[in-house]
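The values are calculated or read from the model by the stated rules, or taken from the named source; none is laboratory data. Nothing here was measured: the structure is a model prediction, and the numbers come from that model. Cβ coordinates were reconstructed from backbone atoms using ideal geometry, including for glycine residues, and neighbour counts include every protein chain displayed.
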Amino acid sequence: MLMKVFEGDPVGIVRGEASFSSFEFSVSPEAKLSFGEFVVTKNRNGEWVIGTVRKIENMNWLLSGGKSNYNSLLLDIHEYGDSIGVNEEIRATVRILGKLSFGSSVEVLPNRVPIPNGEFVYLASDEVLEEMYRPTGGSMEVGTLLMRDSVKISLDVDELVSRHFAVLAVTGAGKSNAIAVMVAGIVEGLGGTVVVLDPHGDYVRLRLPKTGDELVNVIDARITPELLDSDELAEILGVRRDAQIQRTFLERAWDTVRQGNQNIGGRELLVKLREKLNEWVENGGGEYWDPFEGRYKKIENLDSNTKNTILKVVMRISRFLRNYGHLLTSEDLLAKIEAGKVNVIDLAPLEEEQMKVVVSRFLRRLFEARVDYESALKREESGKVDEELLREKRRIEGMYPALTEPVLVIVEEAHIFAPQGEESDVARILGRIAREGRKFGVGLGIVSQRPNRLNEDVLSQTNTKIILRIVNPKDQEYVLRASEQLSKDLLDDIAGLGRGEAVIVGQAVKLPALVKIYDFKKLGGNYGGGDIGVVERWKKRVAAQKAEKEVERLYGELGVDVDW
């Protein structure tokens, strides 16, 4: 492959200490060089080597004496006059990324040969940088190199989805914008299926740049009680885990009501549950269904304390029906997912514990459907017929057609669902998807503004990390520990990033890159989120009050009462 390796005249000459991993060079006075810029030079074997500028120092040999103070420097300036500028030097330090290999594409291979003094240093050409970062498979553009806005950066979508990714940053650094850009690239550019679990309703007004809302499917998160086991129901009702008697009777009543009412669901099922518990209290006992033995058993001689305990559960059910009854449904959330679209699951109306239960059940069913479908496909391809798997495959094709192909699940505010040091059903299924999802076509993207509160097992399984500005040292250390590809010097860059700027490392990008993520709204898209304009709201109210007072004054001068 023939291409221009460098741009323009030399920007410097190698001098001083130089090794196979770094070198210093004296910068040409005419050169415009910035921190983070890409430069090339040759090693002792004459091979082109590429690196990034990690340090730039300005020094003056006439004014660098160790004994100089302000007064002596002032005397030196008067004495040396115009010759001071001639002794000015800018010195740069470069971290070597590797040596360039030119085949069908540009590769960066390990460099094991030092850089000789006296070699000229050049700015790397745009052409080399574009080829160096160009993915080999299906890809999508997410932005440009931070130091070269002429060089587009694309991510390998196979690696991004199958090996999972994380988007991490402080509030206001541009996480939602980055997710919107990626979603648009996957859905509009590649026809992919994406599910966004949205706790704050940030994406319910999502509009893609090319297709508007045509490929956006907003799904209101609802609770389908018939899909829950008794422990999940207890979590939603707010029954404490240590309230064993309450949970025991709730489980018995729940098993009994579902056994006797298999054709009803939603709110009606919880009403039946409340009726059954009240019936036991009024009668001092009754019958309950034991699913393990497959028969009804007796509850007898309930004492007053036990009755009061059961009534506490009844009160919780009544309170839940009063406050959240409108969130109950018998519809299947999974069946609402549409292929080739971004499916936004709006979780905002739910309380945090309710979100966890809904998300846990949803993800578990989604993952199991993908496992069953891919297992059936493999059986078919091998010629080994499994009638049970084939029936399940046909059921999935009929009920959940979007799950007959790979799907990417993006979890916003992931620290809510998989917090560090906490075992829960939703954390377990996220961990399983992170470990096994690539085998069954379930990709995982986790998004968080509090990385150190994230489950480390889940975070460490994300092989591409898009890290926007992070200033908390604990968050920085945690991200570094969970990221094999993140070096200490890249970590130092993270605190200094501006809005929409990111460090991208991992398998979806050939080399670590400092990237300016595209502005989604400038691309023609839109999404919710963002901060409320507090001062603007106040000013609007003050202006309205002033206008009202002015009207009252004018009417008062005319002797007319104002009827608002």
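The table that follows gives values for the structure above.
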quantity	calculated
Residue selected from the stretch 157-180 under the condition among the β-branched types (Val, Ile, Thr) and assigned to a helix (DSSP H, G or I), by the criterion farthest from the chain's Cα centre (by Cα)	157
Qualifying strands (runs of 3 or more DSSP E) (wholly inside the stretch 279-366; at least 2 residues being hydrophobic (A, V, I, L, M, F, W, C))	342-346
So residue 408, is it buried (at least 18 other Cβ atoms within 10 Å of the Cβ), of a type outside the set (Phe, Trp, Tyr) and modelled with pLDDT of 90 or more	yes
Residue under evaluation residue 232, criteria (1) assigned by TED's automatic domain parsing to the domain that holds residue 311; (2) free of Cβ contacts under 8 Å to residues at least 24 places away in the same chain, criterion not met	(2)
Output for the stretch 370-394, where each listed residue is assigned to a loop (DSSP other than H, G, I, E, B) and surrounded by 11 or more Cβ atoms within 10 Å (Cβ to Cβ)	386
Filtered residues of the stretch 181-205 (kept if closer than 16 Å to residue 338 by Cα and assigned to a loop (DSSP other than H, G, I, E, B))	191, 192, 193, 204
Number of the condition not met by residue 272 [criteria: (1) among the charged types (D, E, K, R); (2) under 29 Å from residue 333 (Cβ atoms); (3) more than 43 Å from the chain's Cα centre (by Cα)]	(3)
Hits in the stretch 16-25 - residues which are surrounded by fewer than 16 Cβ atoms within 10 Å (Cβ to Cβ) and touching a residue at least 12 places away in the same chain (Cβ under 8 Å)	16, 19
Neighbours by Cβ (under 9 Å, 6+ apart or cross-chain): first from the stretch 455-471, among the small types (Gly, Ala, Ser); second outside any strand (DSSP E or B)	460/434; 460/481; 460/482; 460/483; 460/484
In the stretch 160-193, the residues that are surrounded by 24 or more Cβ atoms within 10 Å (Cβ to Cβ) and either within 15 Å of residue 433 (Cα to Cα) or charged (D, E, K, R) (or both)	160, 161, 164, 165, 166, 175
Residue 101 vs. criteria in contact with a Leu (Cβ under 9 Å, 6 or more places away or on another chain), surrounded by fewer than 22 Cβ atoms within 10 Å (Cβ to Cβ), without any contact (Cβ under 8 Å) to a residue 40 or more places away in the chain and outside any loop (DSSP other than H, G, I, E, B)	yes
